[in-house]
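A.B. asks: Take this structure, written in structure tokens, and hold onto it; I'll ask about it next.
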């Protein structure tokens, strides 16, 4: 293999695929990145067997070939090179990659490309088309709510549902639930429901964000599921992310969302985040409990919400915010970290908190939009 490319393009490609490298695998090949010539371009591939990423970068190919190179060494080396042309040559006899850039030259010992697990690429152009900005936003509002505990594998994933002209993403960990709906560009002939690992969705959101900064920002993301329904492929310009699917049935999230409310509190999103961050300083010493004391408007005073946290070791904090409140007064407590996570992705100037009682789930919704809902379980308030 003998190819040349720009250092900045190689750096960008390695940063994309590098996140799929397995750092602590019993298979040494999974700590490598595959470099292969492909249709006049250079293809970079990495996989940890759950997630795989292919990235193509422009290159001048003088001799076809492929070689697997240790990811950490290659990424660190390329990042340290000057912004110049990089010439690479794979030497089959010694299984070494010779790399030259400017006045620098290095030789990296690699492995035979035939040992590298195949990372699939889509066949044909068919698939479900999704706007990259919509997908990136939806992932950011949902993936964080997935469980990190492997005790219930189904909850470590994000439900991805395509039905008619709508996409729904949902994630839950037993303490909170995030659901985001989004319109598709065109209706589908049949519905599709899969569970994708949350980590894969997070990586996809990050790649979408990177793509939106480039020249192909308007290009749709194309999603396809393999015929055996074991994997899903997301195709972007010059990048394909492949993920294993989690088998099983996702819980009926619609049953978790409370249908009624006794109180609706509308408050400024930024102000509420700031009050929660202040409370977090004290809440972290007391099981992360933050209390919300909701007081409706009276004859002589406006509605207000009081955010407080108490720690026997460090002290206490109280913040009072003006709010528009419909319904009854209520005192309710939430995990402050979960509350901040949800408020940080609301995306509108005001947020609505719907509550029924101090022992029932609270529901956060962006004011002015009806495509996102976050349910958070209450915590027991100490006396």
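None of the figures in this text is laboratory data; all of them are computed from the coordinates on show. Fair warning: this is a prediction, and the values are worked out from it, not measured in the lab. For neighbour counting, all protein chains shown are included, and Cβ atoms are generated from backbone atoms with ideal geometry for every residue, glycine included.
A.B. asks: Per the helix-only calculation at 222 nm, which mean residue ellipticity applies to the chain, given -39500 (n - 2.57) for every DSSP H run of n ≥ 4 and division by its residues, nearest 500 deg cm²/dmol?
C.D. replies: -5500 deg cm²/dmol
A.B. asks: Okay, moving on. Taking the 0 to 90 degree range and rounding to the nearest ten, how far is the long axis of helix 269-283 tilted relative to the main principal axis of the chain, both from C-alpha atoms?
C.D. replies: The angle comes out at about 90 degrees.
A.B. asks: Shifting gears a bit: Mind pulling the angle between the C-alpha long axis of helix 7-17 and the longest principal axis of the chain? Nearest 10 degrees, somewhere in 0 to 90.
C.D. replies: 60 degrees
A.B. asks: State, to one decimal in nm, how far the label point of residue 12 lies from the label point of residue 380, with both points 7 Å from Cα in the Cβ direction.
C.D. replies: Once both label points are built, they end up 5.5 nm from each other.
A.B. asks: Still on this structure: Please report, in whole Å³, the volume per residue of the convex hull around the C-alpha atoms of segment 128-254.
C.D. replies: Output value, Cα hull per residue: 97 Å³.
A.B. asks: Still on this structure, I have one more. Would you kindly state how much longer the chain becomes between residue 109 and residue 64 on full extension, computed as 0.36 nm times their sequence separation minus their alpha carbon distance, in nm to one decimal?
C.D. replies: The span from residue 109 to residue 64 would gain 14.3 nm if fully extended.
A.B. asks: May I ask you to list the residues of segment 106-124 whose amide nitrogen lies under 20 Å from a point 7 Å from Cα along the Cα→beta-carbon direction of residue 80?
C.D. replies: Taking a point 7 Å out along Cα→Cβ of residue 80, the residues of segment 106-124 whose backbone N falls under 20 Å are 106-111.
A.B. asks: Kindly express, to the nearest 10 degrees and within the range 0 to 90, the angle between helix 132-142's C-alpha long axis and the longest C-alpha principal axis of the chain.
C.D. replies: With rounding to tens, the tilt is 50 degrees.
A.B. asks: What's the exposure ranking of 109, 274, going from fewest to most Cβ atoms within 10 Å?
C.D. replies: In order of increasing Cβ crowding within 10 Å: 109, 274.
A.B. asks: Post the alpha-carbon centroid distance, segment 351-372 to segment 147-207, in whole angstrom.
C.D. replies: 20 Å
A.B. asks: Once Cα Rg over 2.2 N^0.38 Å is worked out from the coordinates, which option in [x] 1.10; [y] 1.00; [z] 1.18 does it equal?
C.D. replies: The value matching this structure is [z].
A.B. asks: Could I ask something else about it? Relative contact order for the chain: what percent, with Cα pairs under 8 Å and sequence separation of 6 or more?
C.D. replies: 12 percent
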